Amino acid sequence: MNTPVLLVGILVLAVGTFSLRFAGPALRSRFEVPERAQQLLAVAAIVLLTALVATSALMDGHGPAGVARPAGVLVGGVLAWRKAPFVLVVVAAAATAAGLRLLGVP
Amino acid sequence: MFIIMPMRSIWRTLDRGLARDIGLVCLADGVVGLSYGAISVGGGLPLWVPILLSIVVFAGASQFLFVGIVAAGGSPIAAMIAGLLVNTRHIPFGLAVSDVIGGGWRRFAGSHVMTDENVAFAMGQDELEQKRAAYWAGGIGIFICWNIGVVVGGLAGSVITDTDAFGLDAAFPAVLLALVLPSLRDRSTRTAALVGVLVALATTPFLPAGLPVLCALVGLLFYRAPKGALEVSR
């Protein structure tokens, strides 16, 4: 393994990732953002997070994720919708997926 | 000193239920860190690689992708580009939580500890003070648990390599879902999010990891600000 190239890859990823994270706060400190745009930015974060939920629940790489994981997320989602405690939502989602896999469901 | 003062006020602001929820997510992240350390070392990488990545990059999905590509014999430069693509979502996150992070030195530290989880925790709170407390407690807690997990996992090797067996791959989407659900009660936000979900799912088979989620922002075209919201939010 070529250690210098590996190190460069890691450090550029680190600097790049920090820049991506820092860009938003740095931009907003420089410009006065109208209230309407601020609201849109908050909605943008929700849209992104929801898309992240859907893709990480239903997809694995470029294909579908099988049954156990979506089923687990669905159980968690229904519990959250019924305003169950957060801990229960998380544990039930994990337990459902783990249980189904134990039964041989992919 | 710099860290301790805000930590104290974070602790005062967090209510016990929220602190417990954040603690649970930190713990789950620590377990995923265990598996990440073990998978990296098991894949033939030296221990310093996953540890360095976890400290200086600190973005789980891009780290898994990076070590996956490198351990499979791929180029570190290709792994770096793939990792950066996955992390592009931090730009819109940063725009949304800028006020929550704060200015000065906080902007640097706060940007580095930005994750899906603590952004979602912050968006789930009503008042700025609570958003701040949730964001920082989540960010610092996850940073600590993740890094401890990676070191222990890397040292212990193949103890936990398959977190899917515990259903943790289902737990994380459920965490984010529980945190965004209250915001989705607003009809216009929900429409935008649903369009975004469809676009992200439809593009996942064709685009490199990270971009489909970014494409979801198309959903914003379907967002209509509720009338009078501007006056109310003041």
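The values are calculated or read from the model by the stated rules, or taken from the named source; none is laboratory data. Keep in mind that this is a model prediction, so the values were computed, not measured. All Cβ positions, even for glycine, are placed from backbone atoms using ideal geometry, and neighbour counts span all protein chains on display. Quick note on the areas: whole protein, heavy atoms, side chains included, nothing else; ligands and nucleic acids left out. Shrake-Rupley method; radii C 1.70, N 1.55, O 1.52, S 1.80 Å.
So here's what we get for this one:
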item	result
Inter-label distance for A:Val8 and A:Glu35, nm, one decimal - labels placed 7 Å from Cα along Cα-to-Cβ	5.2
Integer Hz, Karplus 6.51/-1.76/1.60 couplings in order for the stretch B:138-152, x for Gly and Pro	x, x, 5, x, 5, 4, 5, 5, 4, 5, 4, x, 5, 5, 4
Accessible area in square angstrom per residue, the stretch B:4-182, 1.4 angstrom probe	38
The stretch B:57-164, relative contact order [Cα under 8 Å, separation at least 6], %	19
Alpha-carbon Debye profile of the stretch B:122-229, log10 I(q)/I(0) at 0.13, 0.16, 0.21, 0.22 Å⁻¹	-0.75, -1.03, -1.23, -1.24
Options B:Trp48, A:Leu13, B:Ala96, ranked by Cα towards positive dipole end of the protein assembly as shown, top entry (Cβ charges)	B:Ala96
Rh (Kirkwood; distinct C-alpha pairs) - the stretch B:1-87, Å	14.8
Relative contact order [Cα under 8 Å, 6+ residues apart], chain B, whole percent	28
Cβ-isolated cysteines (cut-off 4.7 Å), chain B	B:Cys215
Prolate/oblate/rounded call for the protein assembly as shown, Cα gyration tensor, a/c under 1.5 rounded	rounded
Alpha-carbon Debye profile of the stretch B:4-182, log10 I(q)/I(0) at 0.13, 0.14 Å⁻¹	-0.66, -0.76
Accessible area of chain B belonging to carbon and sulfur atoms, whole % at 1.4 Å probe	69
Positive-end extreme of charge dipole, chain B - chosen from B:Leu198, B:Pro208, B:Ala134 (charges on Cβ)	B:Ala134
Peptide ranges B:34-42, B:65-73, A:60-68, B:191-199 listed from the most packed, as the mean C-beta count within 10 angstrom indicates	B:34-42, B:191-199, B:65-73, A:60-68
Overall form of the stretch B:101-149 per C-alpha gyration tensor (a/c, 1.5; a/b vs b/c)	oblate
Area projected by the alpha carbon convex hull of the stretch A:1-63, averaged over all directions, nm²	6.8
Cα-only Debye scattering, the stretch A:66-106: base-10 log of I(q)/I(0) at q = 0.17, 0.19, 0.34 Å⁻¹	-0.38, -0.46, -1.03
Nonlocal amide H pairs with A:Asp60, under 5 Å, H built at 1.01 Å	A:Ala65
Protein heavy-atom accessible area occluded, B/A pair - total, 1.4 Å probe, Å²	6800
Chain A - convex hull of alpha carbons, volume per residue in Å³	185
